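These notes concern the structure reproduced below.
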Amino acid sequence: MIQTRLSAKKLVSRYCFSFFLLVSFTSVSAQETKPEIGTIEAVSSEFSKLIKKDAKVEVVAEGFQFTEGALWLEREQMLLVSDIPANTIYKWTAAKGKEVYLKPAGYTDTAKRGGFLGSNAMRLSRDGKLLICQHGDRRIAMMDAPVDAPKPNFVTVAGAYNGKRLNSPNDLFVTAAGDIYFTDPSYGFERGNRDPRKELSYQGVYRVDRSGNIALLVDSIEQPNGIGVLPDGKTLLVANSDNRKKRWYAYDIAPDGSLQNARLFYDASNEKGVGGCDSFKIDKNGNVFAAGPGGLWIFSKAGKLLGRIKVDGRSVTNCALTPDGKTIFITAETYLLRVKMQ
């Protein structure tokens with residue numbers, strides 16, 4: 001009788017141990033067979049100078065609703081990311097990972113609403129203040145608090161043009177002189193271009209000078225999105241995220257800050273892949289890292305395609321580069337990704 005009980009205990013013990021091994025093996029196997037989130041594709045031999053061929057696309061944070069507006073802050077060693085539907089800016093650090101940085105971030109009214117109401121792109125002003133494109137509040141705002149002690153206190157930098165409220169500022173760039181160039185598509189409205197609250201008949205590209213004066217520069221792009229200036233300070237790039245015209249345009253910046261000589265930088269209208277021509281960043285050598293169909297597209301300053309970081313099943317929306325050129329962070333819907341380029 002005693003011997004029978006001992007045998008039963010041994011059987012249970014062996015069964016539990018076998019189950020543990022099965023679960024462990026299954027977990028490891030699942031991890032090993034998990035599809036890659038992205039791949040590196042070189043188009044030109046110059047690409048290897050930017051990104052090594054065996055670079056990996058890593059998921060460093062997830063669980064977002066829809067990410068955008070990536071901004072790397074070198075002094076704080078911190079990445080800021082907008083989660084637009086959540087009306088929240090998150091911060092990511094290597095030490096602590098993903099944390100809430102600021103909420104509300106793009107919509108401060110008390111009336112309930114849905115859609116893309118939160119913050120989008122962010123930049124630092126020349127004096128180190130955080131500038132935020134706020135979809136819900138339909139403005140570019142400055143956070144009236146230090147970057148390392150954020151508070152939802154905002155001062156409007158640009159909120160109207162010719163007495164009419166802006167649509168939903170999307171992306172911005174601050175020049176060395178302190179001028180702000182920004183795009184104003186209709187994505188922040190719950191009903192897009194048909195929203196009854198829309199006051200402007202177009203989606204524009206604007207400039208805010210150091211005195212706060214707002215000038216309309218372009219009103220012919222269907223959905224102006226990403227914006228940036230090449231390191232020479234003479235060329236402005238603008239992305240069009242319209243589904244029918246997936247293009248990047250280039251303009252010469254005149255001495256008075258206006259735009260001249262409009263031309264096509266690159267046309268991806270016939271390219272397949274999730275997403276459109278969205279936000280981008282430009283490195284110190286003028287290479288353009290641009291969210292486009294199927295992933296992140298990398299161009300030379302002359303508009304030559306060098307390669308892509310392909311991301312499977314997710315729309316890439318933005319990116320952020322570290323100043324040393326060794327790391328790029330990518331926002332892709334519910335994911336925050338990282339590629340160690342060198």
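The values are calculated or read from the model by the stated rules, or taken from the named source; none is laboratory data. Just so you know, these numbers come straight off a predicted model, no measurement behind them. Because the Cβ atoms are built from the backbone with ideal geometry, glycine has one as well, and the counts that use them run over all protein chains shown.
Here are the numbers for this structure:
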{"read-out": "Within the stretch 291-342, tally of residues that are assigned to a strand (DSSP E or B) and of a type outside the set (Lys, Arg)", "value": "28"}
{"read-out": "Residues (within 17 Å of Gly118 (Cβ to Cβ) and either crowded, with 18+ Cβ neighbours inside 10 Å or not assigned by TED's automatic domain parsing to the domain that holds Cys133 (or both)) located in the stretch 188-224", "value": "Gly188, Phe189"}
{"read-out": "Glu68 being surrounded by fewer than 17 Cβ atoms within 10 Å (Cβ to Cβ), assigned by TED's automatic domain parsing to the domain that holds Thr331 and in a strand (DSSP E or B)", "value": "no"}
{"read-out": "Exclusive hit being closer than 30 Å to Lys326 by Cα, modelled with pLDDT under 95, not β-branched (Val, Ile, Thr) and not in a helix (DSSP H, G or I), set Lys98, Lys53, Lys91", "value": "Lys53"}
{"read-out": "Within the stretch 299-340, tally of residues that are of a type outside the set (Lys, Arg), over 17 Å from Ala70 (Cα atoms), surrounded by 18 or more Cβ atoms within 10 Å (Cβ to Cβ) and in contact (Cβ under 8 Å) with a residue 60 or more places away in the chain", "value": "2"}
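Rundown of residues vs (1) modelled with pLDDT of 95 or more; (2) part of a strand (DSSP E or B); (3) over 19 Å from Pro169 (Cβ atoms); (4) not acidic (Asp, Glu), yes/no style:
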{"residue": "Ile227", "(1), (2), (3), (4)": "yes, yes, no, yes"}
{"residue": "Arg244", "(1), (2), (3), (4)": "no, no, yes, yes"}
{"residue": "Asp252", "(1), (2), (3), (4)": "yes, yes, yes, no"}
{"residue": "Gln260", "(1), (2), (3), (4)": "yes, yes, yes, yes"}
{"residue": "Leu264", "(1), (2), (3), (4)": "yes, yes, yes, yes"}
{"residue": "Ser269", "(1), (2), (3), (4)": "yes, no, yes, yes"}
{"residue": "Lys272", "(1), (2), (3), (4)": "no, no, yes, yes"}
